[in-house]
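**Q** The structure that follows is given in the form of structure tokens.
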């Protein structure tokens, strides 16, 4: 059965159900850690935006852009924090355990900032 709006329908019992087909997403979009976290956040907390992006075929494109921004922000923050706190290669050579602890602390703080600023928006 066909309607004037070019939407295809199928009959289920007494009802006509539209045959909705989502537009194709770009096949070569691969999401990393940040993109997947953002997609999960949208699905759980921003359902309208998630559905809108999905039905427009822009969900993975959007998440890939967030991925790119988040990775750049994370790398920049880590470098800035390392410089501000004096975490250098010299520290690494003199005391590896101290360097590892300080780097893990820096990375954890950078992850938190990226999550708050870009992922959970």
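**Q** Tell me, what does the Kirkwood hydrodynamic radius of the chain come to in angstroms if you use every pair of distinct C-alpha atoms? Working shown, then result.
**A** Values: mean 1/r = 0.0564 Å⁻¹.
Answer for the chain: a Kirkwood hydrodynamic radius of 17.7 Å.
**Q** Here's something else I'd like to know. What FRET efficiency comes out for the pair residue 79/residue 40, r = Cβ-Cβ distance, R0 = 41 Å, nearest 0.05? Intermediate values should be presented prior to the final figure.
**A** Values: r = 27 Å, r/R0 = 0.66.
E between residue 79 and residue 40, to the nearest 0.05, is 0.90.
**Q** What does the helix-only formula give at 222 nm for the chain: each DSSP H stretch with n ≥ 4 adding -39500 (n - 2.57), the total divided by the residues, and the result rounded to the nearest 500 deg cm²/dmol? All intermediate terms of the calculation are to be shown ahead of the outcome.
**A** Numbers: 5 runs with 74 residues, N = 121.
Mean residue ellipticity at 222 nm (helix-derived): -20000 deg cm²/dmol.
**Q** Using Cα atoms only, what is the angle between the long axis of helix 96-114 and the major principal axis of the chain, expressed in degrees (0 to 90) to the nearest 10?
**A** That helix lies at roughly 30 degrees to the long axis.
**Q** Kindly express, to the nearest 10 degrees and within the range 0 to 90, the angle between helix 33-45's C-alpha long axis and the longest C-alpha principal axis of the chain.
**A** 50
**Q** Which peptide among 40-46, 15-21, 85-91 comes first, and what is the full order, when sorted by highest mean count of other Cβ atoms within 10 Å?
**A** 40-46, 85-91, 15-21
Bear in mind these aren't lab numbers, they're just calculated from the coordinates by the rules spelled out. Source: prediction; values computed, not measured. Positions of Cβ are backbone-derived with ideal geometry, glycine not excepted, and every protein chain shown enters the neighbour counts.
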